[in-house]
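These notes are about the structure you will find just below.
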Amino acid sequence: MSTIYQATASAPVNIAVIKYWGKRDTKLILPTNSSLSVTLDQDHLRSTTTSRADPSFERDQLWLNGKEDEIKAVGRLATCISEMKRLRKEYEIKTQMNQRYSFPQFHIASYNNFPTAAGLASSASGFAALVASLAQLYTLPASPSTLSLIARQGSGSACRSLFGGFVAWQMGSDPSGNDSLAVQVAPQEHWPQMHALICVVSDDKKGTSSTSGMQRTVETSPLLQHRIKYVVPERMEKISKAILERDFDTFAKITMADSNQFHAVALDTEPPIFYMNDVSRAIIALIVEYNRLSVEAGKGYKAAYTYDAGPNAVIYALEENIKEIVQLIVSYFPQRSGEFKDVLGLFGASST
Ligand code: 2P0
């Protein structure tokens, strides 16, 4: 009787505060700028992936939320699987271990504990969980940064989901991509008061995918060139410092400025790309006014909005202000009161 090997791993969703938008190498998924994200709470939003290896399997197969999905021969999934097989082979050679286990076929099943309708991309958590589960199955002593090199080739933002807390994806400069990886800036425990509120404005599928949208931006936007060269490097440094010093004011200002510039760069694309809608913009106006009153009262910034490639808002705020912000948003958008979720809730305090 043959042994069946199986491993399960899960990875959380991350939301960028310095946005990744643009590739300098589309095959290896090397970005045109570094980015930084906050990893959301594992309990609320995550992908869980089980990988199984059995000599009787005839080919690699994948099920997403219970439904079989095709593994395209030259696709990103096939790349991640073959990169993991390569890593295992290297490990076997290095440790002179019995090479019986290098190239089995896999059966992989992945589930998200959040509905696709939440308007959140599942590719980041999905690819991170896939790579983590194969690493476990293969008993690879690989660090999260090493695994991030492989998850990156599934989906750029996935490399940031191999860590909790505050995570930077360093763009790197080597054409091989070996220095384009994720590192943890600070663990969750460093700033447990930081929460994220997700406001689902629309659960429609977005019009322009990130992958194709960002390439159009790279090809046509002069503003992107300015952003890459003059804006992001300084913001990466300043927001990392703000995180390390738990300086919410600076964190909030940079987060909102970077969301604004990402959407400006989308608008600067030919033809232009619009991800936000009227409700998104009304939420921005509300947060701007809320912060203005707070600054006037000598209390500084209390909330930071950020928007990805869609109309849904993510609002970062300290735990002490979450309740007030939820009440504020619900009072302006009462019909949507069931759709606001405090999902970071780092240490469990959900306020909705
Ligand atoms: C981010 N986004 O930093 C930015 C902000 C969307 C807006 O990463 O082509 O799905 O798979 O590398 O990772 C979305 O891009 O794109 C994204 P691919 P991905 O989170």
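The values are calculated or read from the model by the stated rules, or taken from the named source; none is laboratory data. The model shown is predicted, which means the values in this text are computed figures rather than measured ones. Note that each Cβ is placed from the backbone with ideal geometry, even for glycine, and that neighbours are counted across all protein chains shown.
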Q: Go through segment 132-160 residue by residue and tally those that are farther than 22 Å from Gly213 by Cα, among the hydroxyl-bearing types (Ser, Thr, Tyr) and part of a helix (DSSP H, G or I).
A: 4
Q.
Suppose we filter segment 240-270 for residues that are closer than 24 Å to Ser202 by Cα, surrounded by fewer than 20 Cβ atoms within 10 Å (Cβ to Cβ) and touching a residue at least 12 places away in the same chain (Cβ under 8 Å); how many remain?
A. 3
**Q.** Matching residues, segment 31-51, being in a strand (DSSP E or B) and either among the polar types (S, T, N, Q) or near the ligand (Cβ under 10 Å from one of its atoms) (or both)
**A.** Pro31, Ser35, Leu36, Ser37, Thr39, Ser47, Thr48, Thr49, Thr50, Ser51
Q: Write out, first by first residue and then by second, each pair whose Cβ atoms fall under 9 Å of each other, whose residues are 6+ apart or on separate chains, and whose first residue, in segment 16-38, is in contact (Cβ under 8 Å) with a residue 60 or more places away in the chain while the second is of a type in the set (Phe, Trp, Tyr) and more than 10 Å from the ligand (Cβ to nearest atom).
A: Val17/Phe166; Val17/Phe251; Val17/Tyr316; Leu36/Phe166; Ser37/Phe166; Val38/Phe166; Val38/Tyr316
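Let's see how each residue does on (1) within 16 Å of the ligand (Cβ to nearest atom); (2) under 23 Å from Gly164 (Cα atoms):
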| position | (1), (2) |
| --- | --- |
| Ser209 | yes, no |
| Lys229 | no, no |
| Lys238 | no, yes |
| Arg246 | no, yes |
| Thr255 | yes, yes |
| Ser259 | yes, yes |
Q) Can you tell me which residues in segment 14-30 are aliphatic (A, V, I, L, M), part of a loop (DSSP other than H, G, I, E, B) and either near the ligand (Cβ under 8 Å from one of its atoms) or buried (at least 24 other Cβ atoms within 10 Å of the Cβ) (or both)? A) Ile29
Q. Among the numbered criteria (1) surrounded by 18 or more Cβ atoms within 10 Å (Cβ to Cβ); (2) farther than 19 Å from Ser240 by Cα; (3) at pLDDT 95 or above, which single criterion is violated by Arg160?
A. (2)
Q: Filter segment 305-322 for residues that are assigned to a strand (DSSP E or B) and under 15 Å from Leu40 (Cβ atoms) and give the result.
A: Thr306, Ala313, Val314, Ile315, Tyr316, Ala317
